[in-house]
Amino acid sequence: MINRETHQSRSAETVRDGVTIDDIAKRANVSKSTVSRVLNGTAVVNEQKRSAVHQAIAELDYKPNVFAQGLASGKSMTLGILTQNIGSPFYDTIAQGAIEGLAGSGYTPIFVDGRWEHAREAAAIETLISRKVDGLLVVGGDIDASELQSYKTQLPLIVAARDIEGLEEQCVSVNNKQIGYLATKHLLEQRHTRIAFIHGIEGHPDAQNRFVGHVEAIQEAGLSLSDELVYQGDFSGHAGLMAINYFLDQGICFSAIVAANDMVAFGARLALYRRGIRVPDDVSIIGCDDQAEAAFMTPPLTTVRQPSYEMGVAASKALIALIGKKNYEWPALNPELQIRESVKRFTS
């Protein structure tokens, strides 16, 4: 037998703790269909009624049940974002841009870290798919083209910071060959000819393309590439430090350095400082990426800016458009030389 007082108490608690669309409609003095249209944004609603609904929502402290909405709409309103090396300035800047690109869309990102490990990336993507994300944004990584093509058949897919054959319309990246070319060309224009190049991760496509651009600029200037001026490093500050120590310990002469990225440039600067070598009076340095700290190095670092934030914004907006089966025009994303104080004209 149900106790009437207990039943009424539970009903009141349900209303208080679980506000429904019906409650909002009564408070706003509108129909439930009007409340639904306001919540879903599916149709134009009279401004007076819209305001009344929003006021009722605020007064009742209504929190929509996203899971239930997803079941009804067939969407989870979540996007899976596979990034690399969380904490890396480059990838984190893309992630920040992706978050900005989702503003006002109603979508929530779920981030996973692939750490440039194929097995980890594949497992992370499978986890995202199992959680019914509405789309997938893959930033960088080691997943090959055939696997990405397979994922494309399962859900909307956008790739950032990579160019994938067969997925050209769904990829956004910057020309890394141009980045390497601009960096070296600037040093050549300042009359440097003995230019050391500190290479990024071996086999990494961005590192390889930056080196190709470096070589192109050297050859365009009528010079020959000197193997002794190329150091195989990675994208860390430690690589920059180790490279400079190697060059100096081997007695290799150079007047300028192209670093694979800004972190490498920071390490190289530290190594030169410890050896009593002045920047830029004795040696000039140029980096790549233009991460936030570059402008605050001593001296401020000349670098080639990669529009990573804009890349993230474009990628997430393109993914939303793809989910909605709408067209999206990619913005122009070009590297730009940022001239500061770490490069000086060679005079000796």
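The values are calculated or read from the model by the stated rules, or taken from the named source; none is laboratory data. This structure is a prediction, so every number in the text was calculated from the model and none was measured. For neighbour counting, all protein chains shown are included, and Cβ atoms are generated from backbone atoms with ideal geometry for every residue, glycine included. Accessible surface is based on the protein model in full, side chains and every heavy atom, while ligands, DNA and RNA are left aside. Shrake-Rupley method; radii C 1.70, N 1.55, O 1.52, S 1.80 Å.
Carbon and sulfur atoms: what percent of the 1.4 Å accessible area of the chain do they account for? Kindly include the intermediate steps, with their values, before the conclusion.
Values: 9000 of 18170 Å².
Within the chain, the accessible surface is 50 percent carbon and sulfur.
Take every DSSP beta bridge whose two residues both sit in the chain, then give the antiparallel share in percent to the nearest 5. Display every interim value, and only then the final one.
Numbers: 3 of 33 bridges.
Antiparallel bridges make up about 10 percent of those DSSP assigns within the chain.
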_Acute angle (nearest 10 degrees) that the helix 237-249 long axis makes with the longest principal axis of the chain, alpha-carbon atoms_ = 0
*Using alpha-carbon positions, what is the distance between the centroids of the stretch 275-348 and the stretch 102-124, in Å?*
24
*Can you work out ³J(HN,Hα) from phi for every residue in the stretch 49-61, in order, using Karplus 6.51 cos²θ - 1.76 cosθ + 1.60 and θ = phi - 60°, giving whole Hz and x for Gly and Pro?*
5, 4, 5, 5, 5, 5, 5, 5, 4, 5, 5, 8, 6
_Rounded tilt (10° steps) of 262-274 against the dominant C-alpha axis of the chain_ = 40
_Spatially proximal aspartates and glutamates relative to LYS185 (Cα-Cα < 20 Å; intrachain offsets below 8 disregarded)_ = ASP206, GLU216, GLU220, ASP227, GLU228, ASP262, ASP281, ASP282, ASP289, ASP290, GLU336, GLU341
*On a 0 to 90° scale, report how tilted helix 118-130 is relative to the longest principal axis of the chain, with both axes built from alpha carbons and the result rounded to the nearest 10.*
20
*Would you mind computing, in nm to one decimal, how far apart the modelled labels at GLU168 and ARG191 are, each placed 7 Å from Cα along Cα→Cβ?*
4.4
*At a Förster distance of 30 Å, what's the computed FRET efficiency of ALA103 paired with ASN334, Cβ-Cβ distance as r, to 0.05?*
0.80
_Added length on full extension, which subtracts the Cα-Cα distance from 0.36 nm per residue, ALA58 to GLN219_ = 51.3 nm
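In the structure shown, do any of LYS177/LYS317; LYS32/LYS75; LYS132/LYS326; LYS49/LYS152; LYS26/LYS326; LYS63/LYS132 have a Cα-Cα gap over 30 Å, and if so which? Provide the component values of the computation, followed by the final result.
Details: LYS177/LYS317 26 Å; LYS32/LYS75 22 Å; LYS132/LYS326 21 Å; LYS49/LYS152 42 Å; LYS26/LYS326 37 Å; LYS63/LYS132 22 Å.
From LYS177/LYS317; LYS32/LYS75; LYS132/LYS326; LYS49/LYS152; LYS26/LYS326; LYS63/LYS132, over 30 Å: LYS49/LYS152; LYS26/LYS326.
Do the sum for the chain: with -39,500 (n - 2.57) for every DSSP H run of n ≥ 4, divided by all residues, what is the mean residue ellipticity at 222 nm, to the nearest 500 deg cm²/dmol? Intermediate results must be reported in sequence, preceding the final value.
Details: 13 runs with 159 residues, N = 348.
Using -39500 (n - 2.57) per qualifying helix, the result is -14500 deg cm²/dmol.
Once the Cβ-Cβ distance between GLU117 and SER36 is put in as r, and R0 is 45 Å, what FRET efficiency do you end up with, to the nearest 0.05?
Values: r = 45 Å, r/R0 = 1.00.
With a Förster radius of 45 Å, E is 0.50.
Run the numbers for ASP282 and ASN29: contour at 0.36 nm per residue of separation, minus the present Cα-Cα distance, in nm.
On the way: separation 253, 0.36 × 253 = 91.08 nm, distance 7.70 nm.
Between ASP282 and ASN29, full extension yields 83.4 nm more.
Please compute the per residue accessible area over the chain with all protein chains in place, 1.4 Å probe, rounded to a whole number of Å².
Numbers: 18170 Å² over 348 residues.
It amounts to 52 Å² per residue over the chain.
Can you tell me the FRET efficiency between ASN175 and VAL44 if r is taken as the Cβ-Cβ distance and R0 is 51 Å, rounded to the nearest 0.05? List each step's numbers first, then the result.
Values: r = 44 Å, r/R0 = 0.86.
According to the calculation, E is roughly 0.70.
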*What is the packing order of peptides 316-325, 125-134, taking the mean over residues of other C-beta atoms within 10 Å and listing the highest first?*
316-325, 125-134
*asked:* Please list, in order along the stretch 334-341, the HN-Hα scalar couplings obtained from phi with the Karplus expression 6.51 cos²θ - 1.76 cosθ + 1.60 (θ = phi - 60°), rounded to whole Hz, x for Gly and Pro.
replied: 10, x, 9, 6, 10, 7, 10, 10
*asked:* For the ranges 174-184, 286-296, what's the packing order if you count other beta-carbon atoms within 10 Å of each residue, average per peptide, and put the highest first?
replied: 174-184, 286-296
